[in-house]
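The values are calculated or read from the model by the stated rules, or taken from the named source; none is laboratory data. Keep in mind the model is a prediction, meaning the values are calculated, not measured. When we count neighbours, we look across all protein chains shown, and the Cβ atoms used for this are built from the backbone with ideal geometry, even at glycine.
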């Protein structure tokens, strides 16, 4: 149920540092304890790289003399069971023999029966075809997938929009390992990956365009620096490797002392696979064995953070069964002018881990026949506007609360009819989650509500009860869960809804849909529903016909022009010594230390920095409230405005780019945050685990104060206490419907030329 959190760069660094910790670069660097002759090759069990998966796939020796002792140069690695990649400028030849050594020191010998070098310039690699498959005791060395650029920190790409990733000068090095002609396992820092292009300029042919290279340098880490080795002539073809947990991943082969071709760019990746195919074809055409069908093997990055996610691709309808069905409905409909509650029990049987299941608790316009509801990732609710009927959304759909094992209901997608469904990118999905989508008119719009379900697993044994409630006059959806042994419900979602409009004649039909599978053909799980229950009112005549379509709270006062006394002469417009009485009693919040219409700043609030809290008195008046925050300096400051227990705005940290990841002041920001014991609300973090810093300096906006509660508060999180800030919170402003513009402002008491009669507004 967790999201992908592993970071490719950081995992390589931490894995290497962990492996060399406690080891000696003088005794534990060599892969072989005896490396004097092919017949005496013995692995060094104390080597820090001894037990890595993939390490046996590195060529240990060869029959071609190039270097001292003979057979140690050229290098290369087995990228399939029958193919070795090498450097073209120090190539193998047909008839050469290569030797591999298992972890238990068994010598594996294979003759090279054909070679294929890259036929153009700017491609320093070739493929050697072996006489037969290598045994299972020799590992195939995996490579990164050809879209590997997506998994390197996007902030490290030069100017953020080019194809060159630059690791040198960054606060967090990416450590890698390599061997040499003496089979010493040493450590470098990855300083650059020049992808050249994120696509193959000519995917069907060899091309000189788009060639990708790597560069390395000596690490600045005090421990890793001890394991540095400077490459020398004869080391060409030695592999450069990334370490992910306990497995080595081939990045490329050296052709200079600190550089070489990077295998996993789109062009290089396709070219090497093309070389594998061509060397097989050429050999078969000459009377050799048939083509192997082998290709490069990708290291699986599904559990790694994707900095540049590809858009989610909806599964083909042909691959999905027609399995989204409305199972139970309340045909008469109920009125959203009152609370609508619907619940049901469900149980799953014959399920396996990885099975795909989703269902939706929906509300539909009760005047519309039950029609539509897309299969698969639409969960029987959302869909396109036309095309295949299986992809059409629920006609008249009002609200769809989706429960989803694979987190695909919340994703953005495009339908075959080119209509789109809003949502989150694939990298942001949450497995075992709940999400909300809006009505048909909005295209079943995503409601910013993808929430991980911690209370239960959708796929698990036992009878479960789910309850939905549309309340707060159609403004809020509540979802609760109760297990078979639970004594009470647990709330798993509370979400404000902004797009519902209705009148006294409106009726909504509650219902449930079930969809399985979501993205594939696996539909083995069995779903049993029972005890579908609806509570609500179908009566509509008890409400006034003048009741407004959208909820508007009662005004505190309305003004009648009937005079009750003589005019004041001269007319008085303001009495500064009196204030409106405070009508909302909220003792738990404390007394205000600021009045609306006034600003607060750091110079007058120096006692606390994390956070500095300013309580504002807004009066009981209902109306629009303006607010503004300002950070005139470059140090990061976070502003949170709260009213009636709801967060109006959370700016996150605003500050200079110096405090962003990779900036010169990032560490001082981190140190300041770590120095505070007071916690803060969760925020969006960068890959280093600390908050993102935006370069925005000012925010100006407003919100509608819709209750008579008077207290609002600003929290200012200012970890670098010497910086300045300013906040402003205005007073509620509202126009009353009697034709007179009246502004009720806390801190001021308005007196009119003639005293007036005050009435409460009638229903």
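Which one is modelled with the lowest pLDDT among residues in segment 498-530 that are surrounded by fewer than 19 Cβ atoms within 10 Å (Cβ to Cβ) and more than 20 Å from residue 380 (Cα to Cα)? Only one residue tops the list, namely 499.
For segment 669-691, which positions are surrounded by 16 or more Cβ atoms within 10 Å (Cβ to Cβ) and free of Cβ contacts under 8 Å to residues at least 60 places away in the same chain? Passing the criteria: 669, 670, 672, 673, 690, 691.
Going through segment 276-297 one residue at a time, which ones are closer than 30 Å to residue 154 by Cβ and either assigned by TED's automatic domain parsing to the domain that holds residue 242 or in contact with a helix residue (DSSP H, G or I) (Cβ under 9 Å, 6 or more places away or on another chain) (or both)? Result: 295, 296. Annotation note: Cβ proximity below 7 Å between a residue of segment 499-513 that is free of Cβ contacts under 8 Å to residues at least 60 places away in the same chain and a residue that is assigned to a loop (DSSP other than H, G, I, E, B) (sequence gap 6+ or interchain) occurs for 501/549; 501/550; 503/549; 505/540.
Given the criteria assigned to a loop (DSSP other than H, G, I, E, B) and farther than 20 Å from residue 241 by Cβ, does residue 75 qualify? For residue 75, the condition - assigned to a loop (DSSP other than H, G, I, E, B) and farther than 20 Å from residue 241 by Cβ - is not met. Listed by position, the strands (runs of 3 or more DSSP E) contained in segment 383-492 that have at least 1 residues being within 22 Å of residue 335 (Cα to Cα) and in contact with a helix residue (DSSP H, G or I) (Cβ under 6 Å, 6 or more places away or on another chain) are 397-404. Count, please, the residues in segment 321-352 that happen to be in a loop (DSSP other than H, G, I, E, B) and either modelled with pLDDT of 80 or more or outside the structural domain of residue 514 (by TED's automatic domain parsing) (or both). Of the residues in segment 321-352, 9 are in a loop (DSSP other than H, G, I, E, B) and either modelled with pLDDT of 80 or more or outside the structural domain of residue 514 (by TED's automatic domain parsing) (or both). When the test is whether a residue is part of a helix (DSSP H, G or I) and in contact with a helix residue (DSSP H, G or I) (Cβ under 9 Å, 6 or more places away or on another chain), residue 177 does not pass it. Considering segment 122-133, the residues that are assigned to a loop (DSSP other than H, G, I, E, B) and more than 40 Å from the chain's Cα centre (by Cα) include one that is farthest from residue 81 (Cα to Cα), namely 131. Just one of (1) touching a residue at least 40 places away in the same chain (Cβ under 8 Å); (2) touching a helix residue (DSSP H, G or I) at 6+ places or on another chain (Cβ under 9 Å) fails for residue 122. It is (2). Residues in segment 416-431 that are at pLDDT 80 or above and over 11 Å from the mean Cα position of the chain (by Cα): 419, 420, 421, 422, 423, 431.
Residue check: residue 623 meets all listed conditions (1) touching a strand residue (DSSP E or B) at 6+ places or on another chain (Cβ under 9 Å); (2) at pLDDT below 80 but one, namely (2).
Pull up segment 376-393, narrow it to residues that are at negative phi and in contact with a strand residue (DSSP E or B) (Cβ under 6 Å, 6 or more places away or on another chain), then point me to the one that is surrounded by the most Cβ atoms within 10 Å (Cβ to Cβ).
382
The criterion of at least 2 residues that are at pLDDT 90 or above and more than 19 Å from residue 165 (Cα to Cα) is met by the following strands (runs of 3 or more DSSP E) wholly inside segment 220-265: 239-244, 247-253. Checking 142, 88 one by one, the residue that is at pLDDT 95 or above, in the same structural domain as residue 251 (by TED's automatic domain parsing) and touching a strand residue (DSSP E or B) at 6+ places or on another chain (Cβ under 8 Å) is 142 and no other.
The sole residue among 559, 568, 539 that is at pLDDT below 85, over 39 Å from the mean Cα position of the chain (by Cα) and either closer than 30 Å to residue 321 by Cα or outside any loop (DSSP other than H, G, I, E, B) (or both) is 559.
The single condition from (1) part of a loop (DSSP other than H, G, I, E, B); (2) modelled with pLDDT of 90 or more that residue 2 fails is (2). Take residue 193 and decide whether it is surrounded by 17 or more Cβ atoms within 10 Å (Cβ to Cβ) and modelled with pLDDT of 95 or more. Taking the combined requirement at face value, the residue does not satisfy it.
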